[in-house]
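Only one structure is covered here, and it is reproduced in the block below.
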Amino acid sequence: MPTTRATAEEADQETEIKDRSAVRTLLRLWPYVRPVRARLFTAAFVAIIASCVGLVIPLVLKWMVDGPVADRDLAGVWLGALYLLLLGLTEALLFGLRRWLIARPLAGVEASMRADLYRHLQRLPVAFHDRWASGQLLSRGTTDLMLLRMFLAFPLTFLLVNAVTILVGVIIMLGQDWTLGLIILGPAVPVVVTCVVFEKKYAAVARLAQDQVGDLTTVVEESVLGIRIIKGFGRHRSQARAFRELSRTLRGTELRKARLLSTIWGVIVTLPELAIGAALIVGVVQVADGELSAGTLVAFLSTALALRWPVDSIGFLLAMSQEAATATERYFEVMDAKPETAPAAGSRAAGAAPVPQRAAPPSEQRPHAAAGSSTEQLGGLQFLGVRFRYPDAPADTTPILDHIDLHIRPGESMALVGATGSGKTTLTALVPRLHELTSGRITLDGEDITEMSREELRAKVSVAFEEPTLFSATVGENVLMGARPDADTPDLDRALAIAQADFAHALPQGTATQVGEQGLSLSGGQRQRLALARAVVGRPRFLVLDDPLSALDVHTEAAVEAALRRVLAETTALIVAHRPSTVLLADRVALLSGGRIAAVGTHHELLRTNAEYAHLMSGTEESEPTKESEQAEEVAR
Ligand SMILES: Nc1ncnc2c1ncn2[C@@H]1O[C@H](COP(=O)(O)OP(=O)(O)O)[C@@H](O)[C@H]1O
Ligand SMILES: [Mg+2]
């Protein structure tokens, strides 16, 4: 499989790809075609035989015209007709055989390319998905792969078959009569020149069209997912206008393709047709002069006519090949993107990869404000001099996170508080390595997260995100995604109970109920509770929760908090929180401000000593911090 490639080569590829010839691009399909090469070659061979059988028909005609027809031998004519019928049948059967030979293997090629693309997309880092529109990926996995299958089924074989057929036909024609043969060959040069010019132009337009299909797919996908917002804000008209605009652009591009195709078709069809007409006139004159037998002229002309289809089809075969080359290019643009880097223990042979630099210089690890100790090899979850800048941000901008030093002791739970946009979500995403650190390190029980395999890391750390996503599967399957494969019903029930998601049992089919795309049929609070259940079902050592309670009503929230308190007692946790009630679940609070951990302490300490913290906490909708904190203190005792 062509998934792993040298890294240096890859940087060049982006620029190089433009001036690659279609043939070289299509050659990249070889690894996928290789397994079915025997079938494909056999099929091409069968097609060539079939095509050549077709070319024998004119020779039988010649024999009939010069023999039985001239001699008025009825039995001979019948025999000739029988030969023709048999030849026709053989040709049809052979072409049928060809189709049968390749249909299944090519469906297999398409399926395996699609599977590879999907697997690769799953392995690509979040940063890649941030950068790429989903419609572009969707169209590559559907339209482009379909184009490739069609190319392998048709143009690939028939460009070869037609070339052989034309060659054999021309030899036969030259064999019949030199002069007529040369007349027929006359248009060859202008036709070839037109094809070359056409290919270049068509390549550019085909690429444009396929990219525009991707854009269109993105709009469709977004408006289907965002249908509530579009309806709610009465935006369907402007959305429809935007869509119409894009589809009009695409239509324009398709028309340009059609115009190019019709130009080349005009040349390819007209010139040979003229040549055939000229040959007919010259031939008739020769027959009249007695220089040529009528049978030879019939054979000659029917050979020329038999070659019409192979010649005419060259135009759209080339067009399809060009589209396939573009599709291949688009497919490998995704496949060439680097997947998440392997762990240190594994193969880090491709040293040029932008692996996070480990161990920031000591000067960067200076203890900061009330931040946790930065002594190394501590248990629990530790951030050491962490700096992070999004990969697509310019290098000279200030990092979103800088000099983050924070230590969450084993078994402790730490709330993370900060203004909107301060980088809380970003910080939580660093722990399961959804993004790579720009510098610094994060350790779990003293072990650097970049030293572990991703499986190991993600088995240790469990996450629940702000936006709870449910997949089109049953409630149980959605929750058990967070568990080991051998997890069973008791685990599920326990997790549902902890997340106060017992409503799942009351659904029509209980936990076997299908939830729709993104769990559309459930309320926001229900989805959040299922996401929480998914986070705790695997009994992770470390729990990272990004504001997991934001969509819950006050009563449910109180219930989830009560349950969470039990979970937190068993794990080391980092919880992004907005409300005092959530903050109070944690043992300590860290305040994220200006890209740093500005303060660490208990809720009360910070309320007293830190103005920003006090402000953040007072601004939230629950305005009774005193009552809440009393409760918390009771719990703490
Ligand atoms: N994928 C991304 N690429 C570039 N910038 C991002 C990305 N995601 C978030 N940001 C920026 O990072 C900053 C912090 O975002 P975030 O971590 O979501 O904040 P919080 O969760 O504290 O509200 C914001 O300014 C946001 O615009
Ligand atoms: Mg956030």
Take residue 507 and decide whether it is of a type in the set (A, V, I, L, M, F, W, C), assigned by TED's automatic domain parsing to the domain that holds residue 435 and either surrounded by 20 or more Cβ atoms within 10 Å (Cβ to Cβ) or over 26 Å from residue 554 (Cα atoms) (or both). no
Does residue 108 qualify as being in a helix (DSSP H, G or I), small (Gly, Ala, Ser) and over 30 Å from residue 146 (Cβ atoms)? no
Flag for residue 394 being closer than 19 Å to residue 541 by Cβ and away from ligand 2 (no atom under 16 Å from the Cβ): no
Among strands (runs of 3 or more DSSP E) completely within segment 567-606, the ones holding 3 or more residues that are away from ligand 2 (no atom under 16 Å from the Cβ) and either of a type in the set (Asp, Glu) or surrounded by fewer than 24 Cβ atoms within 10 Å (Cβ to Cβ) (or both) are 596-601
If we keep only residues of segment 493-504 that are of a type outside the set (Phe, Trp, Tyr) and surrounded by fewer than 20 Cβ atoms within 10 Å (Cβ to Cβ), then the residue farthest from ligand 1 (Cβ to nearest atom) is 493
Among 92, 75, 103, the single one that is loosely packed, with under 12 Cβ neighbours inside 10 Å and either part of a helix (DSSP H, G or I) or of a type in the set (Val, Ile, Thr) (or both) is 75
Among residues of segment 388-432 being touching a helix residue (DSSP H, G or I) at 6+ places or on another chain (Cβ under 8 Å) and more than 10 Å from ligand 1 (Cβ to nearest atom), the residue nearest to residue 565 (Cα to Cα) is 413
Of the residues in segment 88-110, those that are in contact with a Lys or Arg (Cβ under 8 Å, 6 or more places away or on another chain), in contact (Cβ under 8 Å) with a residue 40 or more places away in the chain and either not assigned by TED's automatic domain parsing to the domain that holds residue 28 or not β-branched (Val, Ile, Thr) (or both) come to 101, 105, 106, 107
query: Going by the structure shown, is residue 56 modelled with pLDDT of 90 or more and either outside the structural domain of residue 165 (by TED's automatic domain parsing) or among the β-branched types (Val, Ile, Thr) (or both)?
result: no
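The values are calculated or read from the model by the stated rules, or taken from the named source; none is laboratory data. If you're wondering where the values come from, they're calculated on a predicted model, not measured in any experiment. All Cβ positions, glycine included, derive from the backbone under ideal geometry; neighbour counts span all protein chains shown.
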